[in-house]
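The values are calculated or read from the model by the stated rules, or taken from the named source; none is laboratory data. Remember, predicted model here, so these are calculated numbers, not experimental data. As a convention, Cβ positions derive from the backbone with ideal geometry for all residues, glycine included, and neighbour counts pool all protein chains shown. Each accessible area value is taken on the protein alone, full model and side chains, heavy atoms only, with ligands, DNA and RNA left out. Shrake-Rupley method; radii C 1.70, N 1.55, O 1.52, S 1.80 Å.
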Amino acid sequence: MTLATRRDCLQHGQKLIKTAGLLLPVVLFGAGQNTYAGDAAADKAMQFNIPAQSLASALTRFSAETRLQVLYEGDVADKLQAPALNGTYTPTQALEKLLGGSGLKYRYSNDKTITLEMPTSQNPGPTSSAPTLKAMTVVGKTTYDANDPYDKRYAAPNSSFATKTDTPIMETPLNIQVLPKAVLDDQQAIRIDKAVKYVSGVTTGQGAGGLADQITIRGFFNFNYFRNGMRIDTGGGADGTRAMANVQRLEVLKGPAAMLYGRVEPGGMVNVVTKKPLDTAYYALQQQFGSFDFYRTSVDATGPVTDNKDLLYRMNVSYENSGSFRELVDYEKVFVAPVLQWNISPQTQALLEMEYRHENNDYDLHSRPLIIDGTRADGTWINPRLADIPRERNLMERNPNPVENKFIGFNVSHKFNDDWVLTEQLGINLLDRERTALLPGKLEADQRTLNRRLVTSDFFSNESYFTTTNLTGHFDTWGLKHTLLIGGDYYLQDVNTVGYSSTVPSTIDIYNPIHTGNPPIDPNTRAGNSFHTKEDLYGIYVQDQIKLPYNVHVMGGFRYQNVEQIDLLTNKVGQKADDVTPQVGVLWQPIKWLSLYGNYVENFGTTNGMGQGNTFLPPQTAQQWEGGVKTSFFDDSLSSTISYFNLTKQNIPTIDPANPFFSVATGEAQSRGVEMDIRGEILPGWNAIATYAYTETEVLKENNPKQIPVGDSLRGIPKHTSTLWTTYDFQQDYLRGVKVGAGMELYSARKATFDFHDFNFAGYGVVDLLASYRRKVAKTNVTLQLNVINLLDKEYTHDGFIFSSAPTLETRATWGTPRSFMGSVKVEF
């Protein structure tokens, strides 16, 4: 059935229902399924575990469990609250408890349909056959609570990340994509990059030897991510990967966002939304296992601490131990995340959250040497090719990289009335790590002896403190509806690293490697990567979202930002800069399912480091124009976005012509293209994600055109990317609980080097599979799942780069993971 056919059927059904005197009913689950609900409603007891929430959301869960359709008028169920339902009941008993105190009555219209009615003198009880009320004009929605652990949605209707206000995505004139918990679960996403690849314009890599979340958006690499809107800096270093045990969903905001978030990369941002405590007990235990000795155990527990539910808790714990398809590489990860929520009053809530992460990982550079047969007079290579060695071969030594990360956050929100809300966030992130890394060098003339040029060891600490205050208000002026945001934030980062190195020669035969261990390091000699800096950043901002007649939405705002950097080794004040960054967006929603939008935004970018004389370079800047179309069908269960963007970035560090050991901020690059995202439920049980991005990057200015020619594309960015992921949850009784799925990733070739030598990493495609089975056993839900990654065992280069600077020719080419399996047993109750 096409989307158009389905829409026509729904519209025709609406007319028939209204003719019969009913409002368009909310068909909460399994419309049209061959399920005999009469017997189930009469005498079949079932286990229910439905948290207290809006009646509409509770009925969604009820319908999903019982396969009964529930019809009701307008938004009557949205405005009512349902109590928690936890225990064994027949569907009839369960429905009566959910409706208790609501004043609503029910009747069975047929063996699989229940109609809710307001009580009248002719409708005294649940078995009455009195007629329903007359039709209304408001349609009820099938919604899940945002923190519902059983949420099956692939599309999310709202996000507060793009605007810092809870705004429907269809009314937001920015490109925001959401990956809900259902997507993360189906993917068994234990790393961020496993999931965000299903957002157009986003590519991922194995940063810092596989020990960092390396994400590139619209052609520009990201050095940080956000946690519930709070900045977490990684600096591109080997700080470990973001733990996923307490992640509820991921949000990707494309384009510059300096107006609200300060110093960020212009391509976009990733926000991690963590799980919040529930006021109904919920427990889950998951055991995952897979290829290369992978084992991961995770626990999720939440519920009320006090009888009146004023104090709630949540605890997420995970432990992971695994090897790798690569030699001399192992991983061990521990993660603990407790949360306490205090409902001080109906208007005031406070949240205390903590995270502890400890990792013992091995640094893996995936060195795959480049072989060339010579160099022409113009400097181009003759027959460049990567060495033909097995993908499991590691040409470095075992390089340990222990990481310890502690986070504490405190959030308070107070609702003065229905229109004005004040929020305060505080976050402290403390990270310590040690790193040892043996780096690859150039092959000798025999084309088989690799000079491993340097081993480095450093002790690194990163202490960051973040706070933000926001006042949000809703008011009307001359018939215009305003959502006003006034806020400010402060960020302090203290980074200290002490590095040591060794230049003791170390070689290895790439075809017959013999590992002898890392060469010794002289602890009395500091390496050039030792530094200690502090960064102070504060900003204030104002944003107004205005709803005009004819469903026109205008958003505008600006931010004043001030930054100061200090070199603590010399106590020298370095970069001092400030700027005002505007943001403007317009959206027109001519009909409910269609929005047309455009925006212009500016950026105040990341730190550039130092130039000659230990002077700090000015910050990077950027500007973007974007326009696009958004659609949303079937009560926001299927959404799409198609956009065109043009993004230019300035003050990129380039080699100083006067001294090649320093940089100057004169580089400029552009990224422009078309992106498409489709995600959601196409038919009952059938979910899908489809993305495509055409990204054209170009170097506009460069001081050393012989090394980086003006007009060249940026390194590591494929021009064409496309992904597809689809699952089907069988609706038939005899296959109920069975889910199957498949996915595909396609990437065109990527530029491997900024040098004028023409060499690219080849494009590739990968296929994945999913199969799962869910069954209720006694009072628990048990889910068995198997994911197959790289089904066809494709050998490919995932990412990497080639750096040519005499006498060095360094190649880092990351192999893609071979065919592997990940199984899971999950118990929820």
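If you plug the beta carbon distance of Val740 and Asp536 into 1/(1 + (r/R0)^6) with R0 = 35 Å, you get a FRET efficiency near 0.10. So, with a 1.4 angstrom probe, what is the percent of accessible area on the chain that is carbon and sulfur? Here it works out to 58 percent. The slack between Gln81 and Val573, meaning 0.36 nm per residue of separation minus the straight C-alpha distance, is 171.4 nm.
A 1.4 Å probe over all protein chains sorts Phe662, Phe407 by accessible area into Phe662, Phe407, starting with the largest. With the dipole of the chain worked out from charges on the C-beta (+1 for Lys and Arg, -1 for Asp and Glu) around the Cα centre, which of Met269, Tyr747, Phe730 lies farthest toward the positive end? The residue sitting most towards the positive pole is Phe730. Spin-label model, Asn659 to Tyr550: label points 7 Å out along the Cα-to-beta-carbon direction sit 6.0 nm apart. Against the criterion of solvent-accessible heavy-atom surface with a 1.4 angstrom probe, Arg249, Arg433 sort, most first, into Arg249, Arg433. Rounded to the nearest 500, the 222 nm mean residue ellipticity of the chain from helices alone is -2000 deg cm²/dmol, with -39,500 (n - 2.57) taken per DSSP H run of at least 4 residues.
Straight Cα distances below 23 angstrom link Lys572 to the lysines Lys534, with same-chain residues fewer than 8 positions distant left out.
Let me know the shape class of the stretch 544-649, please: from the alpha-carbon gyration tensor, a ≥ b ≥ c as square roots of the eigenvalues, rounded when a/c is under 1.5, otherwise prolate if a/b is greater than b/c, or oblate.
Values: a/c = 3.63, a/b = 2.83, b/c = 1.28.
Because a/c hits 1.5 or more and a/b exceeds b/c, the stretch 544-649 counts as prolate.
Taking a ≥ b ≥ c as the square roots of the eigenvalues of the alpha carbon gyration tensor, the stretch 713-754 is prolate, as a/c is not under 1.5 and a/b beats b/c. If you look at the Cα atoms of the stretch 291-364, you get an Rg and a Dmax of 17.9, 56 Å. Return the whole-Å distance between the Cα centroid of the stretch 91-118 and the Cα centroid of the stretch 623-654. Centre-to-centre distance over Cα atoms comes out at 44 Å.
Compared with the direct C-alpha span, the chain from Asp310 to Trp625 gains 108.7 nm at full extension, assuming 0.36 nm per residue. For the peptides 735-746, 189-200, 468-479, residues were scored by their other Cβ atoms within 10 Å and the scores averaged per peptide; the highest-first order is 189-200, 735-746, 468-479. Shape of the stretch 718-829 from its Cα gyration tensor (a ≥ b ≥ c, root eigenvalues): rounded if a/c is under 1.5, otherwise prolate when a/b > b/c, or oblate? Prolate.
What pairs from Lys44/Lys276; Lys415/Lys592; Lys254/Lys630; Lys333/Lys406; Lys194/Lys309 go past 25 Å between their alpha carbons? Let's see the in-between values first.
On the way: Lys44/Lys276 33 Å; Lys415/Lys592 30 Å; Lys254/Lys630 14 Å; Lys333/Lys406 14 Å; Lys194/Lys309 36 Å.
Those over the limit are Lys44/Lys276; Lys415/Lys592; Lys194/Lys309.
Working note: Cα atoms of the chain, range along each principal axis, descending, whole Å: 95, 60, 51. Only lysines eight or more places from Lys481 in sequence, or on another chain, were considered; those with a Cα closer than 16 Å are Lys547. Distance from the alpha carbon centroid of the stretch 785-829 to that of the stretch 53-86 works out to 44 angstrom. Projecting label points 7 angstrom from Cα along Cα→Cβ for Val498 and Thr113 puts them 7.6 nm apart. Here the simple spin-label model places points 7 Å from the Cα toward Cβ, and for Asn417 and Val777 these points are separated by 5.6 nm.
If only the Cβ of Lys and Arg carry +1 and only the Cβ of Asp and Glu carry -1, the dipole of the stretch 183-338 around its Cα centre is close to 480 debye.
Fully extending the segment from Tyr319 to Phe730 would add 144.7 nm, taking 0.36 nm per residue of separation and subtracting the current Cα-Cα distance. Each other residue within a Cβ distance under 9 Å of Thr727 adds +1 if Lys or Arg and -1 if Asp or Glu, for a net charge of -1. When each of the peptides 325-331, 619-625 is scored by how many other beta carbons lie within 10 Å of its residues on average, the order from highest to lowest is 619-625, 325-331. The charge dipole of the chain, taken about its Cα centre with unit charges on the Cβ atoms of Lys, Arg (+1), Asp and Glu (-1) only, comes to about 1740 debye.
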